[in-house]
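Trainee: The structure's right below; bear with me while I get my questions together.
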Amino acid sequence: MSGTAERPRPGKGPLAGVRVIDAGNLVAAPFAAVLLADLGADVIKIEHPVHGDGQRKLEPIHQGIPLWWKSIARNKRCVTLDLGKPQGAAVFKDLIKGADAIIENYRPGTFERWGLGYDVIRAVEPRAVLLRISGFGQTGPYRTRAGFGRVAEAMSGLTHLIGDPDGPPMSPGYPLGDLVTGLFGAFSVVTALYQRDALHGPGQVIDLALYESLFRLMDFDAIQYDKTGVVHTRCGNQVAYAAPSSTYRTRDGKYITMAASSHNVWLRLCDAMDRKDLPVNPKYETNVSRVTHSDEINQVVAEWIGARTRDEVVERFDAHGVAFSVIYDITDIFADPQYAARETMIRVADPDLGEAIVPNVIPKFSETPGAIEFLGPAIGAHNDDIYRGELGYSADKIEALRNAGVI
């Protein structure tokens, strides 16, 4: 299928030799862990023996198979373990011996209630890095509140920026807050391991709040408000700092987006539209003046694009080096030659689905590329591998743990 690559021979990846215990649930912590797994880390995924990870119950589900799980749990070895039982906590302590990182995203205080606070973890494995993801962080008056992506998006100020100026604030329609936090989480784990190994530092705790991850993306909002009192607010498909910028409808009903965020892009856009009069018009000479007259200049661009088909606009903009994109849905992505050339998607064999197409590993490393060895496994698929093969538990002990509902 266009835009996909056949599965390559698995490589070791730049994180080969790093062991991670994914003790999280749902999106943020598991996403941080899968990014590490894609790059070669040995990730052991812990799930409750009855309920499993909540990701298994989220749509999309195809013929009883949770498709999101297949992607977010790829490359992870899955074991079952009830951390809330004393026997489960004891098994957890065995699991983390020799681990480099542990990732959890339960409400603050939960691990402590289970007898698995950082003091306990440090006593068992002092070199381990513990990544703790929560809605509001491990401290502060909101620490015990329930939090997830949409809540964090709202509290960070992001939701306030999405939508039309005269309409309600809108959420992204996707757990962006969880996924952004997962990115920060993976980055922070690797940073802590570098500090530990290259600079001979200790293991440590990383306290990562969902709302703070998104607030960091707001970048200039804080300094703008501090120094000018200006409140950044919704402006539809435009951006507040550059003009022209918007989403424009073509004659054949497709959509194209662009922002003249540099003067050179503005000049190329004018050339593409055969409007050499625009750059010398005092109202449009600088970005500041164009932002002042943004409605007017956006209308000029909208009329030019609206008189042409998508393909005509693409050809013209490409010829003049205009920075733009057609607004893709997944059918466009599957047909796009850039996705195909970069192997941005990959087809992977799977015992449940036969095969499935998922996003490929990024970034691309020239010498130690990551790989997808398998998609999300069945619950407890690696219990025997790990409990018997690696921890050395006897068959009787494993059976006793199973009978007690611990695994």
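Trainee: Taking the stated definitions as given, is D311 more than 30 Å from S171 (Cα to Cα) and either assigned by TED's automatic domain parsing to the domain that holds P169 or assigned to a helix (DSSP H, G or I) (or both)? Let's see the steps before the verdict.
Mentor: Working: more than 30 Å from S171 (Cα to Cα): yes; either assigned by TED's automatic domain parsing to the domain that holds P169 or assigned to a helix (DSSP H, G or I) (or both): yes.
Yes.
Trainee: Looking at I96, I103, can you tell me which residue is surrounded by 18 or more Cβ atoms within 10 Å (Cβ to Cβ), of a type in the set (A, V, I, L, M), in contact (Cβ under 8 Å) with a residue 40 or more places away in the chain and closer than 18 Å to A209 by Cβ? It would help to see each step written out before you state the result.
Mentor: Details: I96 fails: closer than 18 Å to A209 by Cβ.
The match here is I103.
Trainee: Condition first: at pLDDT 95 or above and part of a loop (DSSP other than H, G, I, E, B). Now tell me which residues in the stretch 282-303 satisfy that.
Mentor: Scanning the stretch 282-303 gives no hits.
Trainee: Name the single residue, out of those in the stretch 81-93 being in contact (Cβ under 8 Å) with a residue 40 or more places away in the chain and in contact with a Gly (Cβ under 8 Å, 6 or more places away or on another chain), that is surrounded by the most Cβ atoms within 10 Å (Cβ to Cβ). First the steps, then the outcome.
Mentor: As a first pass, look at the stretch 81-93 and keep what is in contact (Cβ under 8 Å) with a residue 40 or more places away in the chain: 81-83, 85, 87-88, 91-92.
Now restrict to residues that are in contact with a Gly (Cβ under 8 Å, 6 or more places away or on another chain): 81-82, 85.
Numbers: L81: 25, D82: 23, K85: 16.
Here the answer is L81.
Trainee: So which residues in the stretch 89-110 are in contact with a strand residue (DSSP E or B) (Cβ under 7 Å, 6 or more places away or on another chain) and on the phi > 0 side of the Ramachandran plot, if there are any at all?
Mentor: Residues of the stretch 89-110 in contact with a strand residue (DSSP E or B) (Cβ under 7 Å, 6 or more places away or on another chain): 95-96, 98-105, 107-108.
Within the stretch 89-110, just G98 meets the criteria.
Trainee: Another question, then. Looking only at the stretch 228-246, decide whether some residue is in a helix (DSSP H, G or I), more than 18 Å from the chain's Cα centre (by Cα) and at pLDDT 95 or above. Lay out the reasoning, then the answer.
Mentor: Of the stretch 228-246, the ones in a helix (DSSP H, G or I) are 228.
Retained after the next criterion (residues that are more than 18 Å from the chain's Cα centre (by Cα)): 228.
Filter once more, keeping what is at pLDDT 95 or above: 228.
Yes, there is a match, as at least one residue in the stretch 228-246 is in a helix (DSSP H, G or I), more than 18 Å from the chain's Cα centre (by Cα) and at pLDDT 95 or above.
Trainee: T368 versus (1) exposed (fewer than 13 other Cβ atoms within 10 Å of the Cβ); (2) more than 23 Å from V50 (Cα to Cα); (3) hydroxyl-bearing (S, T, Y): which is the lone unmet condition?
Mentor: The number of the failed condition is (1).
Trainee: If you go through the stretch 211-230, how many residues are out of contact with any Gly (no Cβ under 9 Å at 6 or more places or on another chain) and either surrounded by 16 or more Cβ atoms within 10 Å (Cβ to Cβ) or touching a residue at least 24 places away in the same chain (Cβ under 8 Å) (or both)?
Mentor: Adding up the residues that qualify gives 3.
Trainee: Looking only at the stretch 131-149, decide whether some residue is in contact (Cβ under 8 Å) with a residue 12 or more places away in the chain, in contact with a Pro (Cβ under 6 Å, 6 or more places away or on another chain), closer than 25 Å to I96 by Cα and not in a helix (DSSP H, G or I).
Mentor: Yes, the stretch 131-149 has at least one match.
Trainee: Could you check the stretch 63-80 and list, in sequence order, the residues that are over 16 Å from the mean Cα position of the chain (by Cα) and either crowded, with 24+ Cβ neighbours inside 10 Å or on the phi < 0 side of the Ramachandran plot (or both)? Spell out the reasoning first.
Mentor: Filtering the stretch 63-80 down to residues over 16 Å from the mean Cα position of the chain (by Cα) leaves 63-67, 75-80.
Selection gives I65, P66, L67, N75, K76, R77, C78, V79, T80.
Trainee: Residues of the stretch 247-272 being within 29 Å of the chain's Cα centre (by Cα), part of a loop (DSSP other than H, G, I, E, B) and not aliphatic (A, V, I, L, M), which ones?
Mentor: Within the stretch 247-272, K254, S261, S262 qualify.
Trainee: Okay, next question. For the structure I just gave you, tell me whether V180 is surrounded by 14 or more Cβ atoms within 10 Å (Cβ to Cβ), among the β-branched types (V, I, T) and in contact with a strand residue (DSSP E or B) (Cβ under 6 Å, 6 or more places away or on another chain).
Mentor: Working: surrounded by 14 or more Cβ atoms within 10 Å (Cβ to Cβ): yes; among the β-branched types (V, I, T): yes; in contact with a strand residue (DSSP E or B) (Cβ under 6 Å, 6 or more places away or on another chain): no.
Answer is no for this residue.
Trainee: Take the stretch 7-62 and flag every residue that is aliphatic (A, V, I, L, M) and under 16 Å from the mean Cα position of the chain (by Cα).
Mentor: Going through the stretch 7-62, the residues aliphatic (A, V, I, L, M) turn out to be 15-16, 18, 20-21, 23, 26-29, 32-37, 39, 41, 43-44, 46, 50, 58, 61.
If the condition is that a residue be aliphatic (A, V, I, L, M) and under 16 Å from the mean Cα position of the chain (by Cα), then L26, V27, A28, A29, A32, A33, V34, L35, L36, A37, L39 are the ones that fit.
Trainee: Turning to a different aspect of this structure: For the stretch 77-105, name all the residues that are under 11 Å from A23 (Cα atoms) and in a strand (DSSP E or B).
Mentor: Those that are under 11 Å from A23 (Cα atoms) and in a strand (DSSP E or B): C78, V79, T80, A101, I102, I103, E104.
Trainee: Just to be sure I understand, how many residues within the stretch 182-202 are touching a residue at least 24 places away in the same chain (Cβ under 8 Å) and within 18 Å of V43 (Cα to Cα)?
Mentor: Going through the stretch 182-202, the residues touching a residue at least 24 places away in the same chain (Cβ under 8 Å) turn out to be 182-186, 188-190, 192-193, 196, 202.
Okay, now just the ones that are also within 18 Å of V43 (Cα to Cα), so 182-186, 188-190, 192-193.
Within the stretch 182-202, residues that are touching a residue at least 24 places away in the same chain (Cβ under 8 Å) and within 18 Å of V43 (Cα to Cα) number 10.
The values are calculated or read from the model by the stated rules, or taken from the named source; none is laboratory data. This one's a predicted model, so the numbers in the text were calculated from it and none came from an experiment. As a convention, Cβ positions derive from the backbone with ideal geometry for all residues, glycine included, and neighbour counts pool all protein chains shown.
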